[in-house]
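**Student:** Input: one structure, supplied below.
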């Protein structure tokens, strides 16, 4: 999604539950994805779920779950993660 802003991606994560980014470089034989998901937890807070791996993935991907007490703190971290991935060459999967 060329021209998509970080704020639009954060809104998308909240609406759809996740943002999926891909990095495909045929010259380096590289095909990988990074998924940032948002979900409520049992303690009244929110979790940011990060998963990554090769495309196609044949096994369960590595996963990190970060707990946040409120939406503003989660949104700040989500925005940081999206920015890092975009600067690293990832693009948003439509």
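The values are calculated or read from the model by the stated rules, or taken from the named source; none is laboratory data. Just so it is clear, the structure is predicted and the values come from calculations on it, not from any experiment. As a convention, Cβ positions derive from the backbone with ideal geometry for all residues, glycine included, and neighbour counts pool all protein chains shown.
**Student:** Can you name the condition, by its number, that residue 24 falls short on among (1) modelled with pLDDT under 90; (2) out of contact with any helix residue (DSSP H, G or I) (no Cβ under 6 Å at 6 or more places or on another chain); (3) surrounded by 13 or more Cβ atoms within 10 Å (Cβ to Cβ)?
**Tutor:** Of everything listed in (1) modelled with pLDDT under 90; (2) out of contact with any helix residue (DSSP H, G or I) (no Cβ under 6 Å at 6 or more places or on another chain); (3) surrounded by 13 or more Cβ atoms within 10 Å (Cβ to Cβ), residue 24 misses just condition (1).
**Student:** Out of 86, 74, 46, which single residue is within 11 Å of the chain's Cα centre (by Cα) and modelled with pLDDT of 90 or more? Break it down stepwise before answering.
**Tutor:** Working: 74 fails: within 11 Å of the chain's Cα centre (by Cα); 46 fails: within 11 Å of the chain's Cα centre (by Cα).
Only one candidate qualifies: 86.
**Student:** Would you check if residue 88 is over 15 Å from residue 18 (Cα atoms) and either surrounded by 14 or more Cβ atoms within 10 Å (Cβ to Cβ) or in contact (Cβ under 8 Å) with a residue 40 or more places away in the chain (or both)?
**Tutor:** When the stated conditions are applied, residue 88 passes them.
**Student:** Kindly provide the set of residues from region 56-71 that are surrounded by 12 or more Cβ atoms within 10 Å (Cβ to Cβ), closer than 17 Å to residue 20 by Cβ and over 14 Å from the mean Cα position of the chain (by Cα), ordered by number.
**Tutor:** 57
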